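To start, the structure itself, in structure tokens.
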Amino acid sequence: TIRFEHVSFRYTEDSPEVLKDITLQVNSGEKIAIVGYNGAGKTTLIKLLMRLYDPTGGTIFYHDKNIAQYNLDDYHKRFGVVFQDFKMYDATLMENVVLDDIENIKKEEEAVSQALYNSGFGVRLETLPKGLYTSITSEFDESGVNLSGGESQKVAIARAFYKQADILLMDEPSSALDPIAEYQLNLSMAKASENKSVIFISHRLSTTRHADRILMLEKGQIIEAGTHDSLIARNGKYAQMWQAQASKYV
């Protein structure tokens, strides 16, 4: 269980509050979508949970323990994370997924392949000349491949799946994907995260429909919370955002 109790945050003493008095509980195994316009505080909330920053007010609890009391390295191991500004490195595909030193990397081949299939990269994997050991980018290896933005995003998502963490945090996980790839990713995410807690930020509301709960942030505060259907029925800010996006497909 993750619990925010009256959490506020500002970057400097003189800057305005980015988050204001956030109280929130995420139960084990729950799938939470966070939506809102740019600057609402969505990514900051994720970074506070990761302890990349500490709250300037209030407390965040993980299993009823203040997250500031955990060993930071041990705490980070509980999370699989995809941020918007992920990077691809001039290394093999295998190394780009694992991002760690492994004594016997051959033993990890099956787990890495499964993570890539779960993220929707499986079809592309089958075309790579050296499979998992294909170099990503051709900067130092002429036989290396350069991935598209959508393909790179799938590899970044595979990192989170491979890690086998308790909690998945995803910031715009499908922003570079086409609608079909996004749909396939949603199915894979549902299967791969069946027993995990998932918190994801999305501007594409098609990805939020099946979340257990949707939180609408505005100016650093949670202004609406509920399922997709309940928020549509409320006809508030979320419904307005949904109708604006849905009208483009009618």
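Data overview
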| read-out | value |
| --- | --- |
| Stokes-Einstein D for the stretch 1-125, Kirkwood Rh over Cα pairs, 10 °C, 1.306 mPa s (µm²/s) | 93 |
| Per residue, in Å², the accessible surface of the stretch 23-131 once ligands and nucleic acids are set aside, probe 1.4 Å | 54 |
| Coil-residue trypsin sites (Lys or Arg not before Pro) of the stretch 60-141, DSSP, other Cβ within 10 Å capped at 11 | 87 |
| Between the stretch 173-250 and the stretch 1-18, the Cα center-to-center distance that results, in Å | 24 |
| Reachable aspartates and glutamates from residue 107, criterion Cα separation under 14 angstrom, eight or more residues apart if same chain | 95 |
| Global geometry of the stretch 21-89, whether rounded, prolate or oblate, following the gyration tensor of its Cα atoms and the 1.5 cut on a/c | rounded |
| Å² of accessible area per residue within the stretch 166-250, as computed with a 1.4 Å probe and no ligands counted | 52 |
| Surface share of carbon and sulfur [accessible, 1.4 angstrom probe, percent] for the chain | 47 |
| Backbone HN-Hα couplings from phi across the stretch 205-213 [Karplus 6.51/-1.76/1.60, Hz, Gly and Pro as x] | 6, 5, 7, 9, 4, 9, 5, 5, 8 |
| Rotationally averaged projected area of the stretch 103-250 (alpha carbon convex hull; nm²) | 11.5 |
| Candidates 83, 140, 61, ranked by Gaussian network fluctuation over the chain, Cα under 10 Å, top entry | 140 |
| Computed Rg/Rh of the stretch 1-58, alpha carbon atoms with Kirkwood Rh | 0.96 |
| Cα-based convex hull volume of the chain per residue, rounded to whole Å³ | 145 |
| Rg/Rh for the stretch 98-174, where both radii come from Cα atoms and Rh is the Kirkwood radius | 0.96 |
| Under-5 Å amide H pairs with residue 82, H placed in peptide plane, nonlocal only | 169, 170, 171 |
| Lys/Arg +1, Asp/Glu -1 at C-beta; the chain dipole; positive extreme among 61, 145, 91 | 61 |
| Descending semi-axes in Å of the stretch 176-237, equivalent ellipsoid built from Cα gyration tensor | 22, 14, 12 |
| Dipole in debye (nearest 20) - the chain, about Cα centre, beta carbon charges: Lys, Arg +1; Asp, Glu -1 | 860 |
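The values are calculated or read from the model by the stated rules, or taken from the named source; none is laboratory data. Keep in mind that this is a model prediction, so the values were computed, not measured. All Cβ positions, glycine included, derive from the backbone under ideal geometry; neighbour counts span all protein chains shown. Areas reflect the complete protein model, heavy atoms only, side chains present, ligands, DNA and RNA absent. Shrake-Rupley method; radii C 1.70, N 1.55, O 1.52, S 1.80 Å.
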